[in-house]
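Visitor: Have a look at this one before I ask anything.
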Amino acid sequence: MKKSARSKYARVLLKLSGEALGGPTGVGISPEAVQDMAEQIREVRDLGVQVVLVVGGGNIFRGLSGSKRGIERATGDYMGMLGTVINALALQDALEKLGVATRVQSAITMAQVAETFIRRRAVRHLEKGRVVIFGGGTGNPYFSTDTAAALRANEIGAEDVLKATKVDGIYDSDPKQNPKAKRYSSITYSEALQKQLKVMDSTAFSLCMDNRMPIVVFDFFRAHNLRRVVMGEKVGTIVTG
């Protein structure tokens, strides 16, 4: 796995929330939002970076919120996993319209629309220059797509988890409520735990910490920010050991 002469990384995993695909409302699928995402992804793919995506499903259905309204939790989580596959197909469509060869792999078998997740096949797709989108979460209820991102990043040998958000990094308090909130340019796993900073859910964060997988939290919705991250610019907050 060779790094591009123009980028810091050879292989990255980008974690996108489902709400991001919903545009300003965060609900449903916004063609404009998906198009913008695809263009940013193509931009870094054109640098020679191997790109893997894990996408959430919160714009369609959340198992946890469904369980609060009476749906059995495991059933609700499976419904949410199916939502992530819908989002993966939308991203695949947008990427391929831009000329980017893309494969969707699902943790839940649905051969008519996606490949079943096979680690070695996913790596081979990357080596052939294709973008790979992982849908279906981990395939298990009670695990978030953050956990799926941490798991897949380690499985396929990514160098970093890039967590796309609407804020420009990790703060010591909510910057929307506290104008004096401090942004960290870098922080260690242990500091993030001690300060109870919500980088990812606890299972996902533990997976990254135990396997020394760096996490970059950045504002995905600022033009060209993804490219800046893979070029090694100091964008957002990096969490390392």
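The values are calculated or read from the model by the stated rules, or taken from the named source; none is laboratory data. What you see is a predicted model, and the numbers here were worked out from it, not measured in a lab. With ideal geometry, Cβ positions are generated from the backbone for all residues, glycine too; neighbour counts draw on all protein chains shown. What goes into the accessible areas is simple: the full protein's heavy atoms, side chains included, and nothing from ligands, DNA or RNA. Shrake-Rupley method; radii C 1.70, N 1.55, O 1.52, S 1.80 Å.
Visitor: Sort segment 166-231 into rounded, prolate or oblate with this rule: let a ≥ b ≥ c be the square roots of the eigenvalues of the Cα gyration tensor; rounded if a/c is under 1.5, and if a/c is not under 1.5, prolate when a/b is larger than b/c, oblate otherwise.
Guide: Numbers: a/c = 2.12, a/b = 1.13, b/c = 1.88.
Cα axes put segment 166-231 in the oblate bin.
Visitor: OK, next. Out of every Cα pair in the chain, what percent are spaced more than 31 Å from each other?
Guide: Working: 4842 of 28920 pairs.
Summing the P(r) tail past 31 Å for the chain gives 17 percent.
Visitor: For Glu72, Glu32, give me the order by solvent-accessible area with a 1.4 Å probe, most accessible first, ignoring ligands, DNA and RNA.
Guide: From most exposed to least exposed: Glu32, Glu72.
Visitor: Work out the FRET efficiency for Asn140 and Glu233 from their Cβ-Cβ distance, taking R0 = 41 Å, and round it to the nearest 0.05. Provide the component values of the computation, followed by the final result.
Guide: On the way: r = 36 Å, r/R0 = 0.88.
Calculated value: 0.70.
Visitor: Please label the shape of segment 1-71 as rounded, prolate or oblate, based on the square roots a ≥ b ≥ c of the eigenvalues of the alpha-carbon gyration tensor (a/c under 1.5 means rounded; beyond that, a/b larger than b/c means prolate, else oblate).
Guide: The shape class here is oblate.
Visitor: Using only the Cα atoms of segment 22-152, build the gyration tensor, take square roots of its eigenvalues as a ≥ b ≥ c, and label the shape rounded, prolate or oblate: rounded if a/c is under 1.5, else prolate if a/b is larger than b/c, else oblate.
Guide: oblate
Visitor: Exceeding 20 Å between C-alpha atoms, which entries from my cross-link table qualify? They are Lys68/Lys198; Lys166/Lys198; Lys8/Lys234.
Guide: Beyond 20 Å between Cα atoms: Lys68/Lys198.
Visitor: Next question. In terms of modelled amide H atoms, which long-range or inter-chain residues lie less than 5 Å from the amide H of Gly135?
Guide: Gln105, Ser106, Ala107
Visitor: Quick one: what are the phi-derived ³J(HN,Hα) couplings along segment 218-231, Karplus 6.51/-1.76/1.60 with θ = phi - 60°, whole Hz, x for glycine and proline?
Guide: 8, 7, 6, 9, 8, 3, 6, 5, 4, 4, 4, 4, 6, 7
Visitor: If each residue of separation counts as 0.36 nm, what is the full-extension length gain between Glu191 and Arg222 once their alpha-carbon separation is subtracted?
Guide: Once the chain is fully extended between Glu191 and Arg222, it gains 8.4 nm.
Visitor: Next up: Starting from 0.36 nm per residue, how many nanometres of slack lie between Thr240 and Thr25 once their C-alpha separation is accounted for?
Guide: Values: separation 215, 0.36 × 215 = 77.40 nm, distance 3.27 nm.
Result: 74.1 nm gained on full extension.
Visitor: With the contact rule set at Cα under 8 Å and sequence spacing of 6 or more, what percent relative contact order holds for the chain?
Guide: Normalised by residue count, the contact order of the chain is 21 percent.
Visitor: Multiplying the sequence separation of Glu72 and Lys182 by 0.36 nm and subtracting their Cα-Cα distance, what value in nm do you get?
Guide: 35.6 nm
Visitor: Related question: I want to verify a result. In a Gaussian network model of the chain, Cα cutoff 10 Å, which of these has the top mean-square fluctuation: Thr147, Thr203, Thr25?
Guide: Thr25
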